[in-house]
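K.L.:
Submitted below is the structure of interest, expressed as structure tokens.
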Amino acid sequence: MKTQELDQLETHLSEHIIGQEEAVKETAEILRIGEMGMAEKTRPKGSFLYLGATGVGKTELAVCFTRYLFGDDNLIRLDMSEFQHPDSIYQFLGTSERQGVFQQLLEKTNGQGTILFDEIEKAHPPILDLLLQILDNGRLTLTDGTILDLTAYYIVLTSNIASKAIVKARQQSGAALRRFVENQAQQILRPELFARIDSVQVFNKLTWENLQKIARKLMEQEVKRLKNAGFTFAETPKVENILLSNDWNLNLGVRPMKRMTHRYLCGQIRI
């Protein structure tokens, strides 16, 4: 990647991830180190643990930087709620007769990208042991003995640990809240895993102003897309009609906003 594109990385991420300035800044710094070849050669290019309430941009940040650096096809996303049972390790690594989920997904990339472990706290404990191997030496040994080289990938873990405390916090952010959330994460994810992660970020609770900005941006994108597809609207769509909806819950972040935007715009389309 060109130096100019790396210089603009933080600006690009800030345009898409609203209200998370600290997480964006540190993520961009580590990504620049990785892309300039300055990371340890025997480990992944960079590793991140994103902590925070639902719908504040944790997964979206991983999606956004992966798209910017590699393209849409280089994100491997694993929902850890699907790996909670005792046989999860075989589902993940495969068996002598069957290829595992992880290798199937890895083969869809071109040998580089991002591996996202969503809601890591839900994973069966042996999966966390695999993460230790990945973070330590950038490799993963499958059940059949195949060794996967993951040194050209970024590793992202997301978690909703202590999300209730974040939602109830009066301050937008703060050192005390960060220490509390990180302590909760260490207890659940184990200190040895926590210590191997390059960057731990506690995402802020979104303010009303943040949500207004996100809603406006989302509305503009969807209106433009629908107009390009040939649709017209009975009246000019208004962001306030979404944010002031009785169904809106500030604590649920951005995710329900997307669904409400789609429903609202469908109701405004002139057939």
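K.L.:
Consider residue 193 carefully, then state whether it is modelled with pLDDT of 85 or more, assigned to a loop (DSSP other than H, G, I, E, B), in contact with a helix residue (DSSP H, G or I) (Cβ under 8 Å, 6 or more places away or on another chain) and under 30 Å from residue 157 (Cα atoms). Walk me through how you get there before you give the answer.
P.N.:
Details: modelled with pLDDT of 85 or more: yes; assigned to a loop (DSSP other than H, G, I, E, B): no; in contact with a helix residue (DSSP H, G or I) (Cβ under 8 Å, 6 or more places away or on another chain): yes; under 30 Å from residue 157 (Cα atoms): yes.
No, not satisfied.
K.L.:
State whether one or more residues within the stretch 82-92 are in contact (Cβ under 8 Å) with a residue 40 or more places away in the chain, in contact with a Phe, Trp or Tyr (Cβ under 8 Å, 6 or more places away or on another chain) and not aromatic (Phe, Trp, Tyr).
P.N.:
In the first step, residues of the stretch 82-92 are kept if they are in contact (Cβ under 8 Å) with a residue 40 or more places away in the chain; the result is 83-84, 89-90.
Still in the list and also in contact with a Phe, Trp or Tyr (Cβ under 8 Å, 6 or more places away or on another chain): 83.
When the remaining residues are screened for being not aromatic (Phe, Trp, Tyr), the result is none.
Checked the stretch 82-92: no residue is in contact (Cβ under 8 Å) with a residue 40 or more places away in the chain, in contact with a Phe, Trp or Tyr (Cβ under 8 Å, 6 or more places away or on another chain) and not aromatic (Phe, Trp, Tyr).
K.L.:
Next question, about the same structure. Looking at the stretch 143-162, can you tell me whether even one residue there is in a loop (DSSP other than H, G, I, E, B), within 14 Å of the chain's Cα centre (by Cα) and in the same structural domain as residue 187 (by TED's automatic domain parsing)? Give the steps one after another, and end with the answer.
P.N.:
So the first thing to find is which residues in the stretch 143-162 are in a loop (DSSP other than H, G, I, E, B), and the list is 143-146, 150-152, 160-162.
If we keep only those that are within 14 Å of the chain's Cα centre (by Cα) too, we end up with 160.
Now restrict to residues that are in the same structural domain as residue 187 (by TED's automatic domain parsing): 160.
Looking for residues that are in a loop (DSSP other than H, G, I, E, B), within 14 Å of the chain's Cα centre (by Cα) and in the same structural domain as residue 187 (by TED's automatic domain parsing), one finds at least one in the stretch 143-162, hence yes.
K.L.:
Now for a different question. Go through (1) in contact (Cβ under 8 Å) with a residue 24 or more places away in the chain; (2) closer than 21 Å to residue 182 by Cβ for residue 125 and report which single condition fails.
P.N.:
The one condition residue 125 does not meet is (1).
K.L.:
When residue 31 is evaluated against the numbered criteria (1) in contact with a strand residue (DSSP E or B) (Cβ under 9 Å, 6 or more places away or on another chain); (2) surrounded by fewer than 19 Cβ atoms within 10 Å (Cβ to Cβ), which criterion, by number, is the only one it fails?
P.N.:
Unmet condition: (2).
K.L.:
Do any helices (runs of 4 or more DSSP H) entirely within the stretch 46-130 hold 2 or more residues that are over 18 Å from the mean Cα position of the chain (by Cα), in the same structural domain as residue 8 (by TED's automatic domain parsing) and over 24 Å from residue 160 (Cα atoms), and if so, which? Even if it seems obvious, please write down each step before you answer.
P.N.:
Working: elements: 58-69, 88-93, 101-106.
Ranges flagged: 88-93, 101-106.
K.L.:
Which members of the stretch 207-263 meet the condition of being part of a loop (DSSP other than H, G, I, E, B), polar (S, T, N, Q) and either within 16 Å of residue 17 (Cα to Cα) or modelled with pLDDT of 80 or more (or both)? Don't jump to the end; show me each part of the working.
P.N.:
Keep residues of the stretch 207-263 that are part of a loop (DSSP other than H, G, I, E, B), which gives 207, 229-231, 234-239, 244-249, 253-254.
Checking the rest, the ones that are also polar (S, T, N, Q) come to 207, 236, 245-246, 249.
Within the stretch 207-263, 207 is the sole residue that qualifies.
The values are calculated or read from the model by the stated rules, or taken from the named source; none is laboratory data. In this text, all values refer to a predicted model and were calculated from it rather than measured experimentally. So basically every Cβ, Gly included, is an ideal-geometry build from the backbone, and we count neighbours across all protein chains shown.
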